[in-house]
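The values are calculated or read from the model by the stated rules, or taken from the named source; none is laboratory data. In this text the structure is predicted, and so the values were computed from the model without any measurement. Positions of Cβ are backbone-derived with ideal geometry, glycine not excepted, and every protein chain shown enters the neighbour counts. Heads up: the accessible areas ignore ligands, DNA and RNA and are worked out on the full protein's heavy atoms, side chains in. Shrake-Rupley method; radii C 1.70, N 1.55, O 1.52, S 1.80 Å.
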Amino acid sequence: MAVERTFSIIKPDATRRNLTGKINARFEEKGLRIVAQKRIHMSRAQAEQFYGVHKARPFFNDLCTFMTSGPVVVQVLEGENAVAKNREIMGATNPANADAGTIRKDFAESIEANSVHGSDSPENAAIEIAYFFAGSEIVG
Ligand code: UDP
């Protein structure tokens, strides 16, 4: 299996409850290395562009309001099969449907405030990483 990188966000509901360390431990315990990380307050424009694929969805405005409601931690995670592995560690979008032991099952507050984002494909991972990080900020 190839070593790959994925993009992750620890969302405002999780930073507010001081869960950054607990969530990072989940990644590290499962073999993902945090090779870049910074805490930022996303602008409305950044959130709207980042979630642009969901622009026509009914939840788009509320989602952008939520994502700009407090600090987020943007990250690059590296490891074998990192994109799929992170999606497993995260669990289903709706915490009610997430498997036991996943981040969203254990920490998410709702389908919107679901604690983490993770890229859904290697192609999107590359786009999302480049949106938030310069190459020099990623140290593998
Ligand atoms: N979301 C929401 N309502 C929904 C579906 C999604 O608020 O009915 C939010 C939720 O925060 C989710 C994000 O929109 O993580 C992006 O949705 P997507 O379907 O891409 O889910 P993900 O890839 O994050 O699991």
Restricting the search to region 65-82, which residues are in contact with a Phe, Trp or Tyr (Cβ under 9 Å, 6 or more places away or on another chain) and outside any strand (DSSP E or B)? Met67
All but one of (1) part of a helix (DSSP H, G or I); (2) under 27 Å from Ile138 (Cα atoms) hold for Asp62; which doesn't? (2)
Return the residue satisfying two criteria in turn: it lies in region 79-94 and is more than 10 Å from the ligand (Cβ to nearest atom) and crowded, with 20+ Cβ neighbours inside 10 Å, and of such residues it is nearest to the chain's Cα centre (by Cα). Asn86
What number of residues in region 29-59 are aliphatic (A, V, I, L, M) and either under 17 Å from Thr15 (Cα atoms) or in a strand (DSSP E or B) (or both)? 6
List pairs: first residue in region 90-119 and without any contact (Cβ under 8 Å) to a residue 60 or more places away in the chain, second residue among the charged types (D, E, K, R) and within 11 Å of the ligand (Cβ to nearest atom) anywhere in the structure, Cβ distance under 6 angstrom, at least six positions apart or on different chains. Met90/Arg104; Gly91/Arg104; Pro95/Arg104; Ala98/Arg104
All positions within region 52-90 that are within 30 Å of Ala2 (Cβ to Cβ), touching a strand residue (DSSP E or B) at 6+ places or on another chain (Cβ under 9 Å) and of a type outside the set (A, V, I, L, M): Gln75, Glu78, Gly79, Glu80, Asn81, Lys85, Asn86, Arg87
Taking into account only those residues within region 108-127 that are of a type outside the set (Gly, Ala, Ser) and open to solvent by 30 Å² or more (accessible area, probe 1.4 Å), which is nearest to the chain's Cα centre (by Cα)? Asp120
